[in-house]
Every structure is written in structure tokens, then in C-alpha cells.
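Report on one structure; see the data block that follows.
The values are calculated or read from the model by the stated rules, or taken from the named source; none is laboratory data. Since the model is a prediction, treat every value here as computed from it, not as a measurement. Here Cβ is always computed from backbone atoms with ideal geometry, including for glycine, and neighbour counts include all displayed protein chains. What goes into the accessible areas is simple: the full protein's heavy atoms, side chains included, and nothing from ligands, DNA or RNA. Shrake-Rupley method; radii C 1.70, N 1.55, O 1.52, S 1.80 Å.
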Amino acid sequence: MSASFEEVRARLAGIRAPGSGKNLLAAGMVQGLEVSEGQVSVRLARGQLPPAVLGSVIAQVRRELASLEGVRGVDVQVEAGAGDRPVSAAESGPIAGVGDIVAVASAKGGVGKSTVAVNLALALSARGLRIGLLDADIYGPSLPTMMGISGRPRAEDGKIVPLEKYGLQLMSMGFFLEDKSPVIWRGPLVMGLVRQFLRDVRWGDVDVLVIDLPPGTGDAALTLVQQVPVTGGVVVTTPQDVALLDVERGIAMFREVDTPVLGVIENMSFYECPECGTRDEIFGSGGGAHIAERFGVPLLGQIPLLPAIGESGDTGKPLVADEPDHPVSRVFAAIGARVWGAIEAARTPAPKILV
Ligand SMILES: Nc1ncnc2c1ncn2[C@@H]1O[C@H](COP(=O)(O)OP(=O)(O)O)[C@@H](O)[C@H]1O
Ligand SMILES: [Mg+2]
């Protein structure tokens, strides 16, 4: 027997809306509800809830409804709230406890942006820098899986304290959603949510905050770059010809908001046979060199396509942390060195040339 509309409603009425003393229904947080043959769709209003609190409401709604007999699946959609308006200049100022910010972008998903962000953060950390890593991809937060970490960060004086692993300070919307089911975020919500999320965190004096941007060069990524004082951007790509167009878009995004591009990282550059050590340039060689030539930004490094890289991310043991002497970890170390050099150069204003 499928759960009835009334049973589902009753469950929602049993969940307290944070900060209001009322239940979700009475507080007007449920904007829409459909129940059809055990499939439940709930539309929630974000209202003024901070992202972390919203995350736990979503998790609670899922948990409560999923445990109801006759419920097969739960879809949660969240509508934008009052906090999701365009940003004002005052909100784009420095972030407490954060030195430099490096934003990692890619024009599309699946190119290994998160893998690169995680290992780059670890490589910078290995240089003795204090590093924060923010997973700003709220559509598909992958940081908890990649770092093998879960659990709820605690709040202190209204700020969220990052979790720590492998020496990094970590924050991800994934920490608040509890499971991996995607949440559908609607309208301008993403921008407001990520901005607030970023500023709600108590970063503990990190030298560099690495941000794994939402995928793509659309509004979500662009607004984020605009709204935080990014020292420089890094574009991750794969080396096919079409990817050059993607790089162009990534670079254009940063330039549109006057953010220096530190360089391009080419991922899945070639296949290195683990047994024989031979290189098979599956996408053709030189893609990255073209980039430097064509766009005037450095190629920071090329990461091979290697099963160990994928596996290390899937098992929560990033390569650079787990096998620091692995040849690819050394590639990341070299990339880390170049990124750090580029950060320092981007920070220092170019010397005036007197004629
Ligand atoms: N160099 C690589 N070699 C092999 N697998 C990789 C490599 N880089 C990423 N992967 C794998 O590819 C998939 C997509 O990577 P991910 O970092 O999640 O991409 P994105 O963040 O761009 O969507 C993951 O399963 C990851 O483990
Ligand atoms: Mg990702």
C-alpha cells in the first residue's frame, strides 16, 4: 500500500521549522506536496534559513518520509528565499580567517575538477601552508566521499566550524545533507546559498582557501567568483580539441570579473599503463601547450588518466595524502608550487614601468 497524502502531511507536521516554534506546515515552509504511488515530491521554501540549517531540515524531511511505510522515493526541491538577492559590494569583502582564495573551475562536469581541487589543496598543504577546501558544488557535493569524511560540523557563536582531515579544513554542503540524493535547488537560490555558506564558516586562519566551484561557467560559478575576493582562478580541462573551447570559456569567465587566471591544469592527459609504464596519449598531445600559447596563461601541469587516481577519490583516500611519493603526487606537488608562485605574483601589483 502506498502512503496517503494525509499520512505524508502528518509526518511533515511533526517536523519543527527551525527558529519558529511551529511545524514545517504551519510555518509555511512547505510550498508544494505531491504524493503519487509512494513517490513523494516536497517543495520547500528556504525562507531565511542559513544553508547548514536548511541542509538539516532537508535531511530530516527525507528521513521522516522515507521511514513512512509505503513511501518509495522522496524528491526535495528548494525555492529561493529572501536571502538570495543580488549581492551588494559590502558582501564581497574579505572573508574572516582566509588569506588567499583560489577558485577551481571547469566548463563542464566530469573533467576531474573536484579530484584536482582536492589534490591541489593537499599539495599546497604539504608545502606547510594552512589550507581550507570549500566544496561549493551544491548540486553534487563530492568532498565527503573524496576525503572519506562525514558527520556534522558543529556551530560556534553562529559560525560553522570546518571539519578536518589530512590537515585540511573542509566544508561542503554534503556534510549537512547526510545522504547523496540530489536536492533540486531552484532560481537564484544557489548564489545566495553558496555565498552565505562561505561566510558562515569559521575558517581558522587559512593561508589559502581552495574553492571547488559549481561546474560550468554559468551564473552559479560566475556569481561566486564575483562575490568573494578570489586571488586567482584555475581552469581544469581535458585535452581534447573541444576542451580548448571549454578552457576559453573558463578563462573568459574569470576575466569577465577581473580575476587573474593562474593557469590551466590538464587532467586525464594520457593513459599511463601501470604495469608497463608506457604513455598512450589518448587525446593527442600538446593540448595544454596550445592553451598557454593561445590564451597567455601557463599550463600548470598535466595529470595522467590513471585508475589509481579515480579509485583513491572513490575510497576517500586522495592520492597526494595516501601516496605522497606516487609519481602523480609529485606532479601535483609541482602544480602546487606553481600555483603558490602564481598566487604570490597575483597578489603583488605589477611594477610600474617608467618610460
Ligand atoms: N586523472 C584521472 N584518472 C582517472 N580517473 C580520474 C582522474 N581524474 C578524475 N577521475 C575520476 O573521474 C570522475 C570524475 O571526477 P570528478 O573530480 O568528480 O570530476 P568533476 O568534479 O569535474 O565532475 C571521478 O570518478 C574521478 O575519480
Ligand atoms: Mg565535482
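General observations
- The conditions of being touching an Asp or Glu at 6+ places or on another chain (Cβ under 7 Å) and either crowded, with 17+ Cβ neighbours inside 10 Å or in a loop (DSSP other than H, G, I, E, B) (or both) are not met by residue 153.
- Of all residues in the stretch 130-148 being small (Gly, Ala, Ser) and touching a helix residue (DSSP H, G or I) at 6+ places or on another chain (Cβ under 6 Å), the one that is farthest from ligand 2 (Cβ to nearest atom): 136
- Per-region count, the stretch 229-277, residues modelled with pLDDT of 85 or more, part of a strand (DSSP E or B) and of a type outside the set (Asp, Glu): 13
- Search result, residues across the stretch 17-32 that are assigned to a strand (DSSP E or B) and either surrounded by fewer than 15 Cβ atoms within 10 Å (Cβ to Cβ) or more than 30 Å from the chain's Cα centre (by Cα) (or both): 23, 31, 32
- Condition broken by residue 321, with the remaining ones in (1) in contact (Cβ under 8 Å) with a residue 60 or more places away in the chain; (2) open to solvent by less than 30 Å² (accessible area, probe 1.4 Å); (3) aliphatic (A, V, I, L, M) satisfied: (2)
- Scan the stretch 301-326 for residues that are in a helix (DSSP H, G or I), away from ligand 2 (no atom under 16 Å from the Cβ) and modelled with pLDDT under 95 and the total you get is 3.
- Residues in the stretch 115-126 that are open to solvent by 10 Å² or more (accessible area, probe 1.4 Å) and out of contact with any helix residue (DSSP H, G or I) (no Cβ under 6 Å at 6 or more places or on another chain): 125, 126.
- Failed item, numbered, when residue 108 is tested on (1) more than 16 Å from ligand 1 (Cβ to nearest atom); (2) closer than 30 Å to residue 229 by Cα; (3) outside any helix (DSSP H, G or I): (1)
- The stretch 96-114, subset open to solvent by less than 30 Å² (accessible area, probe 1.4 Å) and either more than 23 Å from residue 250 (Cα to Cα) or among the hydroxyl-bearing types (Ser, Thr, Tyr) (or both), residue farthest from ligand 2 (Cβ to nearest atom): 97
- Some residue of the stretch 326-334 being within 14 Å of residue 117 (Cα to Cα), open to solvent by 40 Å² or more (accessible area, probe 1.4 Å) and of a type in the set (Val, Ile, Thr): yes
- Only a single item in (1) more than 10 Å from ligand 1 (Cβ to nearest atom); (2) over 22 Å from residue 200 (Cα atoms); (3) aliphatic (A, V, I, L, M) is not met by residue 116, and it is number (1).
- Scanning the stretch 127-142 for residues that are open to solvent by less than 10 Å² (accessible area, probe 1.4 Å) and either in contact with a strand residue (DSSP E or B) (Cβ under 6 Å, 6 or more places away or on another chain) or assigned to a helix (DSSP H, G or I) (or both) yields 131, 132, 133, 134, 135, 136.
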